[in-house]
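Everything on this sheet refers to the single structure shown next.
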Amino acid sequence: NDAAFLLDGGVRLWEGKVSGSIEAGLGTSRLDVKNMARGERNTDVYRIQLGGRLIRDFPDRHLSTYLRGGIFYRFNSEDNLSVEPFSQDGGGLYIGTGVHWWFTEQYGIGPFIMLHRSLEKERLVETLVGLQLSVRFHGLNENRYGKRRNP
């Protein structure tokens, strides 16, 4: 229910108007859990994820769009939290999409949406919607498509 924070990193496997990458990430969020017997409680949820992205660049508009997906493992900060499905640590699948507006060659900003679905019997689905700030470390001496910059 509160803000979520994600830190993702990736490596592009090939460059071009359409490219692919592998990614890994860490995330955390705080959930408000209501239990009739114990009242309201907060728990911190942590995620580790690994997957891939398919990226489409629109260089004339300084935009990129992407689709992403992979596997994740989530766990919470309380070992004795008994409100299902929050007490169950476990893995699952994630998918998402987003847009980057590159205001420089290395820095971008844009909206995203991600869905995490656990593979446990409770089938918890979490939706993350937000704004991302992005930094690219590739191509610092080259433009977006591998052409050498003038010195």
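FYI, it's all coordinate maths here, none of it is from the lab. Keep in mind the model is a prediction, meaning the values are calculated, not measured.
For residue 119, list long-range residues whose amide hydrogen, built 1.01 Å from N in the peptide plane, is under 5 Å from its own amide hydrogen.
So residue 119 has HN proximity to 91, 92, 93.
Given 0.36 nm per residue, what is the gain on full extension from residue 24 to residue 106 after removing their alpha carbon distance, in nm? Working shown, then result.
Values: separation 82, 0.36 × 82 = 29.52 nm, distance 1.93 nm.
Between residue 24 and residue 106, full extension yields 27.6 nm more.
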